[in-house]
Amino acid sequence: MSLAPGTSLLEKVCIVTGASEGIGEAIARVLAIDGGSSVVLASRQIDKLNSLAQRLQAAGCSEQNIFAVQCDVTNLSDTQALIQKTLEKYGRIDVLVNCAGLMYYTLMKNGQHDEWSKQIDVNCHGTTNMIGAVLPHMIENKRGHILNITSDAGKRGFAGLAVYSGTKFFIEGFTQALRQEMIEYNIRITNIQPGDVATKLAGRSTDQEAKSKFDGSNAGHKILDPEDIAKTVLFALSQPAHVALNEILIEPQAAPI
Ligand SMILES: NC(=O)C1=CN([C@@H]2O[C@H](COP(=O)(O)OP(=O)(O)OC[C@H]3O[C@@H](n4cnc5c(N)ncnc54)[C@H](OP(=O)(O)O)[C@@H]3O)[C@@H](O)[C@H]2O)C=CC1
Ligand SMILES: CC(=O)[C@H](N)C(=O)O
């Protein structure tokens, strides 16, 4: 296997939330196989995590380096247990990748309160729960790297995605402040802001009016692959200690914001 220029073998202990499919699965695979890291796979669907663990082992990862843990990031005690179990197994945590997320195309006039709440719960509370749980350990160690898979929707509001865009703007404001609090502890925070990526995310929307009007992922151009985001994670983690890639906006070439 040859690594892209600017990336290196990491050999770190990394937690990836949302690892059961889509972008999180690709990040886990790249960190484990290309990055040579120990990877903790976290999400609600433990069967899918176990199946990914088996596939990673079949691809050459050692059993010791892959650990599947069921975790609902909206549940505070789940997130604290995830950190505790990782520390019991590996003794340290170098990297947290917050990838768990929900997105529903929906028009505000259609009043889908349930989908608004779910997005706020997973994208906002899920991120603060995970970061709150890992910080005491990273602060004690005076090092750590947190990566959030945010979105270009955290840089510009998208019609049909008002609540989703709001959740991603929340992460940008939250992490701008957090970065300043974390300077003295050597903790870096990178927000990766993708445009459309080929996963099942958009397909979970139930508001067909919003989807048919505003979902641009079927516009005919080539959108990003999950591996494009995973390689960006590896690149961000490969930087020397004095370099912080605070934001990376990664878009399909045909669809800049
Ligand atoms: N696809 C795209 O175009 C883009 C995606 N993003 C962001 O990337 C991230 C991943 O999206 P993507 O891979 O496309 O989506 P998928 O729908 O493919 O995957 C979503 C992941 O989130 C996990 N998840 C959802 N709810 C929870 C929860 N409560 N607790 C733990 N895990 C949860 C799911 O696991 P499980 O069901 O097992 O819990 C699943 O692994 C999201 O934050 C999304 O906003 C950003 C820009 C573009
Ligand atoms: C604005 C978007 O649709 C973006 N592709 C995302 O899924 O976050």
Based on this model, can you work out whether ILE139 counts as touching a residue at least 24 places away in the same chain (Cβ under 8 Å), among the β-branched types (Val, Ile, Thr), surrounded by fewer than 22 Cβ atoms within 10 Å (Cβ to Cβ) and more than 16 Å from ligand 2 (Cβ to nearest atom)?
yes
Tabulated pairs, region 164-185, first on the phi < 0 side of the Ramachandran plot and buried (at least 17 other Cβ atoms within 10 Å of the Cβ), second of a type in the set (Phe, Trp, Tyr) and modelled with pLDDT of 95 or more, C-beta under 6 angstrom, 6+ apart or interchain:
SER165/PHE158
Per the filter on region 143-160, residues in contact with a strand residue (DSSP E or B) (Cβ under 8 Å, 6 or more places away or on another chain), outside any helix (DSSP H, G or I) and farther than 15 Å from CYS14 by Cβ are THR150, SER151, LYS155, GLY160
By residue number, the members of region 13-62 that are in a loop (DSSP other than H, G, I, E, B) and under 19 Å from LEU82 (Cα atoms) are GLY18, ALA19, SER20, GLU21, SER37, ARG44, GLN45
List every residue pair whose Cβ atoms sit under 6 Å apart, with the two residues 6 or more apart in sequence or on different chains, where the first one lies in region 236-257 and is assigned to a helix (DSSP H, G or I) and the second, anywhere, is of a type in the set (S, T, N, Q).
ALA236/THR190
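Test of understanding: among LEU3, LEU10, LEU31, which residue is touching an Asp or Glu at 6+ places or on another chain (Cβ under 7 Å) and away from ligand 2 (no atom under 16 Å from the Cβ)?
Step by step, each of LEU3, LEU10, LEU31 is checked, and only LEU3 is touching an Asp or Glu at 6+ places or on another chain (Cβ under 7 Å) and away from ligand 2 (no atom under 16 Å from the Cβ).
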Can GLN54 be described as surrounded by fewer than 22 Cβ atoms within 10 Å (Cβ to Cβ) and away from ligand 1 (no atom under 14 Å from the Cβ)?
yes
Here is a check on your reading of the model: is ARG188 under 21 Å from PHE235 (Cα atoms) and basic (Lys, Arg)?
yes
Could you tell me whether region 243-253 includes any residue that is over 30 Å from LYS142 (Cα atoms) and more than 11 Å from ligand 1 (Cβ to nearest atom)?
yes
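The values are calculated or read from the model by the stated rules, or taken from the named source; none is laboratory data. These numbers come from a predicted model, not from an experiment. Every residue, glycine among them, receives a Cβ derived from its backbone with ideal geometry; neighbour counts consider all protein chains shown.
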